[in-house]
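Below: the structure, in structure tokens.
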Amino acid sequence: MQRWHHREVWRVVEEFGDANAMRPASIMIFVGSLFQDDRRIQDAAFTGLEALILANLLTNALKAAAGRSRPWQSDDAHEWKPLSGKTSFPSGHATTAFALMTPWVMYIDHPMAWVGMGLAAFSSISRVTLRYHWPSDIVAGALIGSSVAVWLSRRHQRGAAGTGVLSHRPVSPGPRLDPLIGPAHLGLRVTL
């Protein structure tokens, strides 16, 4: 893949995972969804925005703690120096792209939702091709982004079941994770 790193298409696709571009875009998508009559579109847009923010917070904390060098900084993929300012692991672009697109697959059974997931994958791959990340960085970022989005989607769908709004996918019961974020604390509550 690195022999193709000069191809301009990778630089264009890469932007789909840039949190600085995708946060405002996801806000605009959510606002636009409010003008739709389809509750699933509104829910997917809101969950995507929420997942993007929460997953980015988690990823940025992990980046600071892990301290992994980027491929252009070192040829050693095993160079980890916690709290060193190195920020390769996990990939924020992969986290952003998968957090934003996964709710669309969860709420809407349409081929375009899967096209969005393909775009998220290509955006993530571009980061390896352009030598910003190791493959394991993008896998970890994709797992974080999609896991947070699936968790939030299921949580919202469980809540909607009690309001008479039916989801098109069944929600499996199980443990619930709730983020606890405040001025004096940051944590995770597990409800079994």
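The values are calculated or read from the model by the stated rules, or taken from the named source; none is laboratory data. All figures in this text were calculated on a predicted structure; none of them were measured in a lab. So basically every Cβ, Gly included, is an ideal-geometry build from the backbone, and we count neighbours across all protein chains shown.
Looking at region 57-71, is at least one residue over 28 Å from Gln157 (Cα atoms), in contact with a strand residue (DSSP E or B) (Cβ under 8 Å, 6 or more places away or on another chain) and not small (Gly, Ala, Ser)?
yes
Looking at region 119-132, I want the residues that are surrounded by fewer than 19 Cβ atoms within 10 Å (Cβ to Cβ) and have a partner that is among the aliphatic types (A, V, I, L, M) and part of a helix (DSSP H, G or I) with Cβ atoms under 6 Å, at least 6 apart or on another chain. Which pairs are those?
Matching pairs, first to second residue: Phe122/Val13.
Of the conditions (1) of a type in the set (Asp, Glu); (2) at pLDDT 90 or above; (3) more than 19 Å from Leu152 (Cα to Cα), Glu79 clears all except one; give me its number.
(2)
Given the residues Val115, Val31, Val128, which is the only one that is over 14 Å from the mean Cα position of the chain (by Cα), over 20 Å from Ala142 (Cβ atoms) and β-branched (Val, Ile, Thr)?
Every option except Val31 fails the conditions.
Which one of these does Met112 not meet: (1) of a type in the set (A, V, I, L, M, F, W, C); (2) exposed (fewer than 15 other Cβ atoms within 10 Å of the Cβ); (3) not in a helix (DSSP H, G or I)?
Going through (1) of a type in the set (A, V, I, L, M, F, W, C); (2) exposed (fewer than 15 other Cβ atoms within 10 Å of the Cβ); (3) not in a helix (DSSP H, G or I) one by one, Met112 breaks only (3).
Tell me which residues, restricted to region 69-96, are surrounded by fewer than 22 Cβ atoms within 10 Å (Cβ to Cβ) and in contact with a His (Cβ under 9 Å, 6 or more places away or on another chain).
Arg70, Pro71
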